[in-house]
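What follows is a short report on a single structure.
Every number here is computed from the coordinates shown, using simple stated rules; none is lab data. Nothing here was measured: the structure is a model prediction, and the numbers come from that model. Ideal geometry is used to build each Cβ from the backbone, glycine not excepted, and the neighbour counts take in all protein chains shown.
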Amino acid sequence: MKYIDEYRDEALTRGRLDEIRRTATRPWTLMEVCGGQTHSLLRSGLDQLLPPEIELVHGPGCPVCVTPLELIDKAIALASRPEVIFVSYGDMLRVPGSERDLFSVKAAGGNVRVVYSPLDSLKIARENPDKTVVFFGIGFETTAPANAMAVVQAKNQGLRNFAMLVSHVTVPAAICALLESPDVRVNGFLAAGHVCTVMGYWEYEPLVEKYHVPIVVTGFEPVDIARGVLMCVKQLEEGRAEVENAYARAVRREGNRPAQAVIHDVFEPCDRPWRGIGVIPRSGYRFREAYRDFDAELRFPEVQTIATQESSLCMSGLILQGLKKPNQCPAFGKECTPQTPLGATMVSSEGACAAYYRYGRLAEVQTPNPQIQTGQAG
Amino acid sequence: MPLNIASWTCPRPLQNYPTIVMGHGSGGKMMADLIQHLFAPLFDNDLLAQLGDSTTIGLSRIADGLSPDDMRHAIRDMRLAFTTDSFVVSPLVFPGGDIGELAVNGTVNDLAMSGARPLFLSAGFILEEGLRMETLGQIATSVAAACREAGVQLVAGDTKVVNKGHGDGLYINTSGIGVIAPGVNVAPNRAQPGDAVIVSGTMGDHGMAIMSVREGLEFETRIESDTAPLNGLVQAMLAAAPGGEHVGSPIHCLRDATRGGLAAVLNELAAASGAGIEFEERRVPVRPEVHAACEMLGLDPLYTANEGKLVAIVPESQAEAVLGMMRTHPLGQEAARIGRVVAGHPGLVVARTAIGGSRVVDLPAGELLPRIC
């Protein structure tokens, strides 16, 4: 497939890995911020091909993982109401609340639907005027523009039976919080390419100055990630700390201005709790006054009283902060699997624990013989 | 208004309903009409024509088409294969096929995967009140056409009607009987280290065809389901590498890669055989449009369903012969060898990735869910 296969090319990847090997003179710890990058690293097996000097820790950039348990419980309460059609991105259905997940709500007769775009939920609202359609508006700056656009359109179309349960979070605030943490051991960041496509990377410029840490905007294919790692390692070896763009085919410094405008129009910054991490100041979005009518928590005030505590068994907080690797958790692959997740990072297919479980268990197995015998198929 | 008894006539029951009504499952005249006018002409054969509570089949018909030598050993050495499957796909008609074709091919393929030659099918139709008669006609017609293509006879049937809202238009259950020739021994636990792993063609077509209509996604290219009967291909493969009682079956394992896709099948075979499986991701044939759709939706073609593709595990010595024969068959032209069975990591499936890394390919956890970004 054009524009994909080129970035999964073995020779190109190996070339960059060799260059990383030649460049790195000492161990460096880098964090890939986005769950999509974690997924790609493990799916391609790139994590095993990196030289031993480079350690990648998996950051908090998985929207499903960091959505607080309390919000999942609110979603479940809303979806259980007979007058509600609850609409969500697919990933969220399997996330366990404190007692059950949205799949169980659906099985018990709740009207729960999956869409690829929040705009589809407006269509559902128009077709079901006697129901209230609640969309689960989660995600980083990547999903925020489309979610905001859905609300703008609902307002323009006078759709009174549409509301959104919002749990938006933002990347720079999370990076800031990590850098402020006394335990931090990350030398450089691979910033999330898709978030930067929307927001640009000017937001990171004050961070590299303040904390003297390199931040490299990085894509998602193996060749992209290897390039991001290489640029980050070069900066570290040369003692530089700059924002660099390793994903120039998609990202510009200023980002996507119209997308930023619609986010700014609908949402304003607020403090948000992150699952496994806690409240990070000004790390999320909530509705501005002009759009508050669409806030599902105000439309259904009963859900505001729901308050859930996180489980103390799971160490996903340490994993999301890059302080532990998934396989360092005693419950990993035992009590906690994708079928029976104890915590956020095992739930989502983008979560670090799920990615480790799905792709990473080979570490315990010997490396397979690379010469698979081939037939005339070539 | 006074009743005008003189001009009153008893309303005759409406015969030509445009939709299914509860009466069509009543066991009475309406049901008989439905069977007589819609089903019977499509599935006409002498066994179905018995119209008994069950269909009786002479044993000689099971041995039909066998050599005189096979006939002699038939009772002692041949085995029957018997299977059942239910079909609940939504939408009923999708690009490249419909539920009727799927219901025949699904059961035919399950029989074929045990090395059997499928012979007879039964079909149970569960109709939802309100189903359009035209839709039922179209689907019954494609059941009949699929039976002809697969060379099987529909010899028993049943129709039930459920209240509106209690079904998704139409469900079909099919059961099938086939015979396994002497010397054929295909089973999921027979994979042995050194065996070649072969797929019969491109992966993920059916799943993405259904996805593309179910999600209302509009792609520039139409992705069609690959639904097809694989019994002909299997018979050709068995003929390509004759085994016999003393040599053992030339084909160790066969599986049609339906729900869960290639990943699920390889995991099942590895687990059943207690061996490991290694394959090269880039050798797995995937249509560019299926690949593109999967990339866009955050899905993996390795986990996406097929309805006309099989996975074969074959001794290395027979692999080229089997592969060559597959490629001469219309349903195996894109057959490819993707990997092999290994002694290491028993029960585990490992893929070599495009960049030369490796990863464990696990069973899918549950329903395929699109990733958020």
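Taking the fewest neighbouring Cβ atoms within 10 Å as the starting point, the ordered list for A:Cys196, A:Cys353, B:Cys253 is B:Cys253, A:Cys196, A:Cys353.
Per-residue mean of foreign Cβ neighbours for B:345-355 is 6 (Cβ atoms of other chains, 10 Å radius). Around the Cα centre of chain A, unit charges on the Cβ atoms of Lys, Arg, Asp and Glu (plus for the first two, minus for the last two) sum to a dipole of about 460 debye.
Less than 5 angstrom separates the built amide H of A:Asp295 from those of A:Met164, all sequence-distant by 5 or more or on a different chain.
Converting the Cα gyration tensor eigenvalues of region A:9-52 into ellipsoid dimensions via √(5λ) gives semi-axes, longest first, of 18, 15, 8 Å.
Just how many % of Cα pairs in chain B lie over 35 Å apart, if you round to the nearest whole percent? For chain B, the share of Cα pairs beyond 35 Å comes to 33 percent. The convex hull drawn around the Cα atoms of the protein assembly as shown, when projected onto a plane and averaged over every direction, covers 39.5 nm². The distance between label points at B:Asn189 and B:Val162 comes to 3.6 nm (points 7 Å beyond Cα on the Cα→Cβ vector).
Each Lys or Arg adds one and each Asp or Glu subtracts one; over the other residues with Cβ under 13 Å from the Cβ of B:Met31, this totals 0. Among A:Tyr359, A:Tyr211, A:Tyr3, sorting on how many other beta-carbon atoms sit within 10 Å of each Cβ, with the fewest leading, yields A:Tyr3, A:Tyr211, A:Tyr359.
If R₀ is 25 angstrom, what is the calculated FRET efficiency for the pair B:Met296 and A:Gln153, using the beta carbon separation as r and rounding to 0.05? Write down the numbers at each step before the final one.
On the way: r = 23 Å, r/R0 = 0.90.
Calculated value: 0.65.
Helix A:222-237 and the longest principal axis of the Cα set of chain A meet at an angle near 70°. Ordering A:Arg286, B:Arg359 by the number of other Cβ atoms within 10 Å of each residue's own Cβ, fewest first, gives A:Arg286, B:Arg359.
Taking 4.7 Å between beta carbons as the limit, the unpaired Cys residues of chain A are A:Cys34, A:Cys176, A:Cys196, A:Cys232, A:Cys270, A:Cys314, A:Cys329, A:Cys336, A:Cys353. Magnitude of the charge dipole for the protein assembly as shown, about its Cα centre and with charges confined to Cβ atoms of Lys, Arg (+1) and Asp, Glu (-1), is about 420 debye.
Relative contact order of region B:188-360, taken over Cα pairs closer than 8 Å and 6 or more residues apart, is 43 percent.
Residues of B:281-289, mean number of Cβ from any other protein chain within 10 Å of their own Cβ, rounded to a whole number? Intermediate results must be reported in sequence, preceding the final value.
On the way: counts 4, 3, 5, 0, 1, 1, 0, 3, 1.
Taking all residues of B:281-289 together, the mean is 2.
When the Cα atoms of region B:22-180 are enclosed in a convex hull and the volume is divided per residue, what value in Å³ results?
On the way: hull volume 17.7 nm³, N = 159.
Roughly 111 Å³ of hull volume per residue.
For chain B, the longest principal axis of the Cα atoms and the long axis of helix B:231-240 meet at an angle of about 30 degrees. Since only B:Val89, B:Ala335, B:Ser142 are under comparison, the one whose Cα sits farthest along the positive direction of the charge dipole of the protein assembly as shown, derived from C-beta charges on Lys, Arg, Asp and Glu, is B:Val89.
Placing +1 on each Lys and Arg Cβ and -1 on each Asp and Glu Cβ, with no other charges, gives region B:22-180 a dipole about its Cα centre of roughly 200 debye.
Using C-alpha pairs below 8 Å separated by at least 6 residues, the relative contact order for chain B is 20 percent.
Remark: the A:Gln328-A:Leu179 segment gains 51.4 nm on full extension, using 0.36 nm per residue and subtracting the alpha carbon distance. Each 5 Å bin from 0 upward holds the following percent of the Cα-Cα pairs of region A:70-213: 2, 9, 17, 17, 14, 12, 10, 9, 6, 3, 1, 0. Our note on the geometry: Cα centres of region B:314-365 and region A:154-196, 42 Å apart. Taken residue by residue and averaged, Cβ atoms of other chains lying within 10 Å of the Cβ of B:221-230 number 0.
When the charge dipole of chain A is built from unit charges on Cβ atoms (+1 for Lys and Arg, -1 for Asp and Glu) and taken about the Cα centre, the candidate among A:Leu190, A:Phe332, A:Val217 whose Cα reaches farthest toward its positive end is A:Phe332.
So which lysines can B:Lys29 reach, going by Cα to Cα under 19 Å and dropping same-chain residues fewer than 8 places off? In chain and number order, the partners are B:Lys160. Take the Cα of A:Glu302, go 7 Å toward its beta carbon, and the backbone nitrogen atoms of region A:111-136 under 18 Å from that spot belong to A:111-112, A:131-135. Taking a point 7 Å out from the Cα of A:Ala108 in the direction of its Cβ, the residues of region A:68-96 whose backbone N falls within less than 11 Å of it are A:76-81.
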